Amino acid sequence: MKNYHIAVIPGDGIGPEIVREARKVLDQVAKVYHHTFTYEELLMGGASIDVHGVPLTDETIAAAKKADAVLMGSIGGDTTTSPWYQLPADRRPEAGLLKIRKALNLFANLRPAYLYTELRKACPLRDEVIGDGFDILIMRELTGGLYFGDRSTRQVDGKWVAEDTLTYSEDEIRRIAVRGFEVARKRRRKVTSVDKANVLDSSRLWRKIVEEVASDYPDVTLEHMLVDNCAMQLVRDPGQFDVVLTENMFGDILSDEASMITGSIGMLSSASLNETRFGLYEPSHGSAPDIAGKNLANPIATILSAAMMLRYSLDLDQEADAVEKAVKQVLQDGYRTRDIFSEGCEKVGTDRMGTLIAQRIQ
Ligand code: IPM
Ligand code: MG
């Protein structure tokens with residue numbers, strides 16, 4: 001029996017309701033496997049702006065650092081109507097997320113895109129394209145590139161000019177590449193490194209360093225792919241991919257695309273890790289303010305993120321397996337939230353989905 005301390009950031013929009021369901025599942029894990037999870041709720045994003053005027057305070061960062069791991073829902077609101085978006089860019093909800101990623105040095109973002117056989121009908125691709133299905137792991141660099149480069153908006157000769165800079169150092173590329181090859185060894189031993197080396201200097205350096213790292217992993221196959229081609233290949237033949245290794249912005253875009261072909265963006269979990277066991281776990285999707293509080297959101301991505309937390313930060317593999325199996329079981333039993341619904345299944349809301357998954361952990 002062990003005690004784990006988990007920082008929980010429900011956030012905005014559907015965040016609180018999906019995190020509630022993930023906690024329900026974790027509580028069941030605790031009961032069955034005789035652990036205790038203590039939770040400490042922290043404010044981030046719009047929820048923090050409403051209380052503190054900023055999307056992330058130093059106290060919150062310090063509290064997150066002290067925990068064994070952080071479980072997060074989602075942050076942000078409707079960008080056209082929410083007052084949060086009247087604030088300067090560095091005080092809007094998303095700035096909190098970027099700040100915590102940087103402050104905790106969470107450079108490795110793992111986003112698994114796996115097609116459950118039960119969800120074939122929810123996948124927008126044609127049957128012959130799906131083939132035997134796919135199991136992709138996107139390894140996205142998370143603390144560099146365009147997201148963290150210098151930026152400015154200024155006037156030049158009376159005209160507005162805006163600038164964002166894309167910078168990568170060889171050390172930043174090397175450490176994420178190592179992660180990509182390490183995880184490939186536990187999978188099907190193939191890394192597709194995605195860049196735009198036909199245009200960008202940062203991509204040419206990326207390619208060079210990835211090749212250097214690859215020489216330490218002769219048992220792993222490396223291929224390079226340009227990002228535009230990768231966007232196309234994901235919907236042409238997703239089964240070809242194992243680990244997709246890529247920089248921050250490309251990973252942001254490709255992971256949304258990959259999630260859609262798993263049936264719904266509501267299925268894609270993620271882990272953001274640093275050099276230690278510590279990590280922040282969140283669904284890859286956003287806060288969906290349009291359906292917030294309506295019991296419509298799919299909690300599975302958050303529940304699967306909690307499973308990743310059990311596996312990577314708490315070293316509880318058996319418990320993580322149990323959660324993943326329970327999710328599969330619920331899908332097999334025909335329960336679906338609205339986003340993954342297909343004819344012949346039973347439609348359930350957010351809370352019922354969480355309960356059904358928790359019940360299957362025994
Ligand atoms: C994601 C999100 C974030 C990102 C936003 C909310 C800043 O889209 O985690 O993919 O772009 O990284
Ligand atoms: Mg994104």
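The values are calculated or read from the model by the stated rules, or taken from the named source; none is laboratory data. All figures in this text were calculated on a predicted structure; none of them were measured in a lab. Glycine also receives a Cβ, built like all others from the backbone with ideal geometry; neighbour counts cover every protein chain displayed.
All conditions but one from (1) farther than 16 Å from A177 by Cβ; (2) charged (D, E, K, R); (3) in contact with a Phe, Trp or Tyr (Cβ under 7 Å, 6 or more places away or on another chain) apply to E247; the one that does not is (1). Inspect region 179-190 for any residue being at positive phi, free of Cβ contacts under 8 Å to residues at least 60 places away in the same chain, away from ligand 1 (no atom under 16 Å from the Cβ) and surrounded by 12 or more Cβ atoms within 10 Å (Cβ to Cβ) and give the result as yes or no. Yes, region 179-190 contains a residue that is at positive phi, free of Cβ contacts under 8 Å to residues at least 60 places away in the same chain, away from ligand 1 (no atom under 16 Å from the Cβ) and surrounded by 12 or more Cβ atoms within 10 Å (Cβ to Cβ). Considering only region 202-224, I want to know if a residue exists there that is closer than 19 Å to E141 by Cβ, under 23 Å from the mean Cα position of the chain (by Cα), within 16 Å of ligand 2 (Cβ to nearest atom) and in a helix (DSSP H, G or I). Checked against the condition, which is being closer than 19 Å to E141 by Cβ, under 23 Å from the mean Cα position of the chain (by Cα), within 16 Å of ligand 2 (Cβ to nearest atom) and in a helix (DSSP H, G or I), region 202-224 yields no hits at all. Looking only at region 274-305, which residues are of a type in the set (A, V, I, L, M, F, W, C) and part of a loop (DSSP other than H, G, I, E, B)? Matches in region 274-305: F278, A288, A292, L296, A297.
Scoring S287 on the criteria (1) at pLDDT 95 or above; (2) more than 13 Å from ligand 1 (Cβ to nearest atom) leaves a single failure, condition (2). Among residues that are under 20 Å from the mean Cα position of the chain (by Cα) and either at pLDDT 95 or above or over 23 Å from L314 (Cα atoms) (or both), A22 is included. Residue selection: S313 fails the criterion of being hydroxyl-bearing (S, T, Y) and within 15 Å of ligand 2 (Cβ to nearest atom). Of the residues making up region 154-171, just one is under 20 Å from L226 (Cα atoms) and charged (D, E, K, R), namely E170. Can you tell me which residue within region 68-97, out of those that are surrounded by fewer than 18 Cβ atoms within 10 Å (Cβ to Cβ) and among the aliphatic types (A, V, I, L, M), is farthest from ligand 2 (Cβ to nearest atom)? My answer is L87. Any residue in region 340-353 that's free of Cβ contacts under 8 Å to residues at least 60 places away in the same chain: show its pairings with residues that are loosely packed, with under 14 Cβ neighbours inside 10 Å and among the aromatic types (F, W, Y) at Cβ separation under 6 Å, as long as the two are six or more apart or on different chains. Short answer, once both residue conditions are applied: none.
For region 155-173, name all the residues that are surrounded by fewer than 18 Cβ atoms within 10 Å (Cβ to Cβ) and either closer than 24 Å to K99 by Cα or within 24 Å of the chain's Cα centre (by Cα) (or both).
Our first condition is that a residue be surrounded by fewer than 18 Cβ atoms within 10 Å (Cβ to Cβ); within region 155-173, this holds for 155-165, 167, 169-171.
Within region 155-173, A162, E163, D164, T165, T167, S169, E170, D171 meet the criteria.
Residues that are in contact with a Leu (Cβ under 9 Å, 6 or more places away or on another chain) and assigned to a helix (DSSP H, G or I) within region 330-357 comprise V330, L331, R338, D339, I340, T350, listed in sequence order. Would you confirm whether or not region 236-247 contains a residue that is outside any loop (DSSP other than H, G, I, E, B), within 15 Å of ligand 2 (Cβ to nearest atom) and crowded, with 24+ Cβ neighbours inside 10 Å? Within region 236-247, one or more residues are outside any loop (DSSP other than H, G, I, E, B), within 15 Å of ligand 2 (Cβ to nearest atom) and crowded, with 24+ Cβ neighbours inside 10 Å. Is it fair to say S193 is outside any helix (DSSP H, G or I), among the small types (G, A, S) and modelled with pLDDT of 95 or more? So S193 fits the description; yes.
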